[in-house]
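Novice: Once you've had a glance at the structure underneath, I'll fire off some questions.
Read-outs: derived from the displayed coordinates by stated rules, not from any lab. Only a predicted model underlies this, so the values are computations on that prediction, with no experimental measurement involved. When we count neighbours, we look across all protein chains shown, and the Cβ atoms used for this are built from the backbone with ideal geometry, even at glycine.
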Amino acid sequence: MSTAHGAEAGQQPATPKERVVIFDTTLRDGEQSPGASMTLDEKVQVAMLLDEMGVDVIEAGFPIASQGDFESVLEIGKHIRNAVVCGLARAGMADIDRAAEALKTARRSRIHTFIGTSPTHRQYQLRMDEDQVYEKVVASVTRARGYTDDVEWSAMDATRTEPDYLCRVVEAAIRHGATTINIPDTVGYTTPDEMTRTIRMLRERVPNADRVIFSVHCHDDLGMAVANSLAGVIGGARQIECTINGLGERAGNAALEEVVMAIRTRSDVFPFTTGVDSRMLMRASKLVSAVTAFPVQYNKAIVGQNAFAHESGIHQDGMLKNAQTFEIMRPEDVGVKETSLVMGKHSGRAAFRSKLEELGYELGDNALNDVFRRFKDLADRKKHIFDDDIVALVEDEVATASEAVKVVSLTVIAGTSGPQKAIITLDLGGQHVTREATGNGPVDAIFNAIKGIIPHNATLSLYQVHAVTGGTDAQAEVSVRLEEDGRKVMARGTDPDTMVASAKAYVSGLNKLVTRRAKAAPTTLKAI
């Protein structure tokens with residue numbers, strides 16, 4: 001049985017019968033997703049990466065569909081060194097001839113021909129009876145076999161085809177030269193148990209079934225594409241057809257990254273192996289997402305942005321103690337640099353302390369409690385907490401921890417009617433003092449209110465605002481320079497509210513001036 005994080009990077013050697021062939025159809029079925037078209041150069045780039053990562057078969061396109069598809073298959077064939085390059089063809093002779101022409105540059109080629117076999121497809125799409133479809137199977141497989149000894153035949157909508165008839169056409173395809181028999185769940189209708197039973201039935205009932213590889217091609221209309229694909233393998237299939245990021249028509253196909261990692265992680269249940277280097281999965285996901293402009297959902301298994309991210313305090317605490325408490329795979333095994341402990345309103349103190357240490361800060365218990373409280377307040381107000389936000393909190397806390405005066409609360413009334421008004425409460429050594437003032441703008445009103453509590457002759461020679469991070473909810477960082485009697489001080493304040501940050505910066509500057517004033521001539525700071 002595997003450990004919780006699976007085997008070490010790369011795949012363990014296995015006997016041939018334990019090997020599951022990975023057939024990637026991102027460039028064919030995946031590109032059929034509305035809006036997911038790729039340029040020739042992009043297709044070649046994806047194909048070369050698939051080849052590098054160890055995909056066994058690359059379905060490069062549907063050559064007769066367009067001149068662009070034909071040229072893509074032709075060009076991809078020139079660049080692929082290890083994988084089999086496959087072209088799709090309907091049961092017509094022209095389709096098969098066109099596929100063979102497109103595959104002439106490939107070192108290893110496969111023609112994949114198909115026809116609908118279910119009653120629905122026979123009656124409404126093909127308008128053929130059982131015998132006519134049967135004859136098409138025989139003719140198409142025979143034609144394809146004339147070009148290559150690697151022929152795949154698919155019974156489109158196989159999972160809604162009568163078992164007896166499915167056995168009949170599969171037997172015909174094998175007898176006339178097909179080497180791979182694909183059983184597609186074209187409309188995502190079947191269930192895992194049904195898929196297992198279907199593959200077992202065909203292997204048991206069809207003559208010479210042991211001479212071919214059975215394949216499954218599952219769509220995700222009911223969210224079971226990966227489960228159905230793995231169930232097919234349990235039933236005896238040894239090829240899975242899938243796509244990067246689960247790309248494909250309607251709800252998509254079985255996701256290659258999920259198939260590969262399920263087999264790898266649960267080797268106790270799936271005693272098989274693939275030739276895919278799982279460490280390249282994230283790279284492939286990002287490439288396909290980029291060239292198709294199809295974003296990967298944040299909570300997508302294996303390659304989603306949050307797949308190895310933890311925000312809950314309970315989860316973060318467990319991860320800090322032992323990664324296996326909440327992760328069944330190592331992030332590096334799929335090409336992710338490391339686990340991410342996301343700082344948010346659900347984060348706990350242990351994770352926050354760990355983040356501070358990671359950022360180079362060591363705080364005492366009291367300072368940690370103060371910064372953690374401010375972090376929680378910020379997390380309630382700000383959707384995404386970045387490292388720079390935390391750095392700003394710590395530095396602000398360090399800067400103000402020993403200050404005699406602190407901002408307690410602030411209310412600002414601003415708008416076009418003017419004058420603007422500010423009501424501020426400051427803590428002067430434990431005594432709360434409140435003042436109200438107006439000004440030419442909200443910042444001027446704030447500073448006037450502060451001056452009403454802390455009398456001074458300082459002038460403001462610099463007032464500067466910038467965002468700590470991006471986004472409209474970013475923390476504001478306000479910097480001020482105050483001058484009094486030849487003394488100059490710089491101070492800074494941070495807060496999601498720019499006005500509050502302004503008040504903090506101004507008060508911090510006054511604290512520094514008072515400290516310098518006291519060194520020159522000791523005095524007592526008091527409210528007026």
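Novice: Within the stretch 208-314, list the trypsin sites (Lys or Arg not before Pro) lying in a DSSP loop whose Cβ has at most 15 other Cβ atoms in a 10 Å radius. Let's see the in-between values first.
Specialist: Working: sites: R211, R238, R250, R264, R266, R279, R283, K286, K300; in loops: R238, R250, R266, K300.
Sparse-neighbourhood loop trypsin sites (Lys or Arg not before Pro): R250, R266.
Novice: Another question, if that's okay. Using R₀ = 45 Å, calculate the FRET efficiency as 1/(1 + (r/R₀)^6) where r is the Cβ-Cβ separation of S409 and E332; round to 0.05.
Specialist: Details: r = 48 Å, r/R0 = 1.06.
So the FRET efficiency works out to roughly 0.40.
Novice: So for K43, K406, fewest C-beta neighbours within 10 Å to most, what's the order? Intermediate values should be presented prior to the final figure.
Specialist: On the way: K43 25, K406 16.
With the fewest neighbours first, K43, K406 line up as K406, K43.
Novice: Further, regarding this structure: Would you give the gap between the C-alpha center of the stretch 114-163 and the C-alpha center of the stretch 206-226, rounded to a whole Å?
Specialist: 15
Novice: Now, a different point. Taking K and R as +1 and D and E as -1, what net charge do the other residues with C-beta under 9 Å from the C-beta of F372 add up to?
Specialist: Numbers: positive: R349, R353, R373, R374, K376; negative: D370.
Around F372, the charge tally is +4.
Novice: Filter the cross-link list K43/K355; K43/K300; K355/K451; K355/K406 down to pairs whose alpha-carbon distance in this structure exceeds 31 Å.
Specialist: Numbers: K43/K355 41 Å; K43/K300 23 Å; K355/K451 38 Å; K355/K406 26 Å.
Check vs 31 Å cut-off fails for K43/K355; K355/K451.
Novice: Related question: If we count other beta carbons within 10 Å of each Cβ, what is the order of I111, I199, I213, I453, fewest first?
Specialist: Values: I111 29, I199 24, I213 17, I453 20.
Listing I111, I199, I213, I453 from fewest to most nearby Cβ atoms yields I213, I453, I199, I111.
Novice: Just rank L287, L103, L482, L50, fewest to most, by other beta-carbon atoms within 10 angstrom.
Specialist: Ranking L287, L103, L482, L50 by Cβ neighbours within 10 Å, fewest first, gives L287, L482, L103, L50.
Novice: So what are the ³J(HN,Hα) numbers for the stretch 163-178, from phi and the Karplus equation (6.51, -1.76, 1.60; θ = phi - 60°), rounded to whole Hz, Gly and Pro as x?
Specialist: x, 4, 6, 4, 4, 5, 6, 5, 4, 5, 4, 5, 4, 9, x, 5
Novice: Right, here's the next one. Expressed in nm to one decimal, what extension gain is obtained for the pair A293 and Q32 from 0.36 nm per residue of sequence separation less their Cα-Cα distance? All intermediate terms of the calculation are to be shown ahead of the outcome.
Specialist: Details: separation 261, 0.36 × 261 = 93.96 nm, distance 1.37 nm.
The A293-Q32 span can extend by a further 92.6 nm.
Novice: What order, most packed first, do the peptides 488-495, 455-462, 408-415, 254-261 have when packing is the mean number of other Cβ atoms within 10 Å of each residue? All intermediate terms of the calculation are to be shown ahead of the outcome.
Specialist: Values: 488-495: 20.4, 455-462: 12.5, 408-415: 14.9, 254-261: 27.0.
By packing density, highest mean first, the sequence is 254-261, 488-495, 408-415, 455-462.
Novice: Can you say what percent of the DSSP beta bridges in the stretch 166-320, counting only those with both residues inside, are antiparallel? Round to 5.
Specialist: Of those bridges, close to 10 percent are antiparallel.
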